[in-house]
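Shown next, in structure tokens, is the structure this report addresses.
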Amino acid sequence: PLASVAALALNATIGARAIRVRGIVDGGGELDTRLAMDRRALAIESADARLGPLQLSASGDYTWRGQIEGAFDANADDLSALAPIVAMADASLAGSAGLKGTLRGTIESLRGEGQLTARNVSAYGIAIGPVTARLRLDDSRAHIDGNAPDLEAHVVAAVDTTSPFSFDAAIDLDRSPLPALLSAPQTEQLQAEGTIAAALRARGDLARI
């Protein structure tokens, strides 16, 4: 007898080469994925992609009832190549970073956790050094708790994931070295010494900045 649609199972292996993503990779991207599908869910057994400086591995399930559960591991060995994504000039962002985490829930109510580790970071000419951060996604709001030990800086922020991307941020500096904070080309001529302690608070909409 013929198999019923309800009992249908599908396994697939997908490979893509010479992927182009404007502003990130010009024809050298690669993707390898193994999928399994049955009447319960679509399972991504493994997905490995390389798009220029960005490497991504992921796995997870999407049930036909709308539930998502997955894990990912992303690494960028050249942050300057990703600068166009965040509307920064190429020379304004440097370093490397890795982000590992999990996602669960539904498309309408997605939750997740992640750990960011970055090395040799600089932005707008300021040498930041290593950065670590805990990330949490609750529905449509992302929460960040990060540290930059070389600058003695602690950042706590929350931002909506939908436009206008409303945010609240708190930056605390504790004996932060002035030479590092003034290392950008625009301020390096000030030749300041010493440390600074400060508490900065910001609130607004990223779409209007």
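Miscellaneous remarks
- Taking the criterion of being over 25 Å from the mean Cα position of the chain (by Cα) and either surrounded by 15 or more Cβ atoms within 10 Å (Cβ to Cβ) or of a type in the set (V, I, T) (or both), the residues of the stretch 181-206 that qualify are L182, S183, T187, T195, I196.
- Subset of the stretch 51-67 (residues that are at pLDDT 90 or above and of a type outside the set (D, E)): Q55, L56, S57, A58, S59, G60, Y62, T63, W64, R65, G66, Q67
- Pick from the stretch 56-77, criterion surrounded by 15 or more Cβ atoms within 10 Å (Cβ to Cβ) and aromatic (F, W, Y), ranking: farthest from G98 (Cα to Cα): Y62
- The residues of the stretch 106-137 that are modelled with pLDDT of 95 or more and more than 30 Å from S183 (Cβ to Cβ), listed by number, are R111, G112, E113, R136, L137.
- In the stretch 12-50, the residues that are open to solvent by 100 Å² or more (accessible area, probe 1.4 Å), at pLDDT below 95 and in a strand (DSSP E or B): R17, R20, D26
This table checks each residue for (1) closer than 24 Å to S80 by Cβ; (2) touching a residue at least 40 places away in the same chain (Cβ under 8 Å).
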residue	(1), (2)
H154	no, no
A180	yes, yes
Q191	no, no
D205	no, yes
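- Lone unmet requirement of (1) in a strand (DSSP E or B); (2) free of Cβ contacts under 8 Å to residues at least 40 places away in the same chain for A127: (2)
- Considering the stretch 128-160, and only residues there that are open to solvent by 60 Å² or more (accessible area, probe 1.4 Å) and out of contact with any strand residue (DSSP E or B) (no Cβ under 6 Å at 6 or more places or on another chain), the residue that is farthest from G112 (Cα to Cα) turns out to be P149.
- Residue in the stretch 154-164 that is farther than 22 Å from L93 by Cα and over 17 Å from the mean Cα position of the chain (by Cα) present: yes
The values are calculated or read from the model by the stated rules, or taken from the named source; none is laboratory data. This is a predicted model, so every value here is computed, not measured. Reconstructed Cβ throughout: ideal geometry from the backbone, glycine too, with neighbour counts over all protein chains shown. To get the accessible areas, we keep the full protein, side chains included, count just its heavy atoms, and leave off ligands, DNA and RNA. Shrake-Rupley method; radii C 1.70, N 1.55, O 1.52, S 1.80 Å.
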